[in-house]
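Structure, as structure tokens:
The values are calculated or read from the model by the stated rules, or taken from the named source; none is laboratory data. Since the structure is predicted, the reported quantities are computational estimates derived from the model, not experimental observations. Positions of Cβ are backbone-derived with ideal geometry, glycine not excepted, and every protein chain shown enters the neighbour counts.
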Amino acid sequence: MKLFGKPQPVILALLATGVALTISACGSSPAGTASQGAAPTSSGTSAASASPAPATATKAPSGASAAVNSLVPGFPQQLIPLMPNAAVESSSFDKTSSPASVALVGTIASPSDAVVAFYTSALTAQGFKELPGSTVGSIKSKDFLRGDNETVNISVVEAAGKSTFTIGANVAAGSIK
């Protein structure tokens, strides 16, 4: 996504997370388990509990798919490989949109610099160019561009030796293998 001619890493990260969570929220759940291990907060929203929810996948009417705690079926691992030893929090994939959109949220017991280095290597090997800048405020964030309109953003937050990363990509549907 571009705003005023420049990719906006925060917008890409938020969109990737929002798409994955919004699409996964559209799926149905068995009676009595609608919150999937979430507890209400003081604002009336839900917060995830420490125990992981079972892996679920949903298909939205638009053709987009999302999964919680797993890679959605058909997830383009050649484009965005899962870092070794990382756990998937959520994933989404929509190859019917133009451009196609892919999102991955994961966690790993590695420093944020190692996460950025892994994905920088994977993306530059596919012809993506790193754009200047490596943070947004105090959050590690890196943008990549291939051609004129294929973009990828990775944002990583590190706390207590654990990194949570969000990757959002918008690429030509024909370039997804």
Are any of the residues in segment 107-116 more than 13 Å from the chain's Cα centre (by Cα), under 25 Å from D148 (Cβ atoms) and of a type outside the set (S, T, N, Q)?
yes
When the residues of segment 156-177 are narrowed to those that are assigned to a strand (DSSP E or B) and of a type in the set (A, V, I, L, M, F, W, C), which ends up farthest from the chain's Cα centre (by Cα)?
A159
Looking across segment 121-142 at residues that are touching a residue at least 24 places away in the same chain (Cβ under 8 Å) and not charged (D, E, K, R), the single one that is nearest to V156 (Cα to Cα) is S141
Does any residue in segment 70-83 that is surrounded by 15 or more Cβ atoms within 10 Å (Cβ to Cβ) come within less than 6 Å, Cβ to Cβ, of a residue that is among the small types (G, A, S) and assigned to a loop (DSSP other than H, G, I, E, B) six or more places away or on a different chain, and which pairs are these?
S70/A55
Condition broken by N170, with the remaining ones in (1) touching a residue at least 60 places away in the same chain (Cβ under 8 Å); (2) surrounded by fewer than 22 Cβ atoms within 10 Å (Cβ to Cβ) satisfied:
(2)
Could you go through segment 134-145 and let me know if any residue there is outside any strand (DSSP E or B), surrounded by 18 or more Cβ atoms within 10 Å (Cβ to Cβ) and modelled with pLDDT of 95 or more.
no
Can you find even one residue in segment 96-108 that is under 18 Å from A172 (Cβ atoms), in a strand (DSSP E or B) and touching a Pro at 6+ places or on another chain (Cβ under 8 Å)?
yes
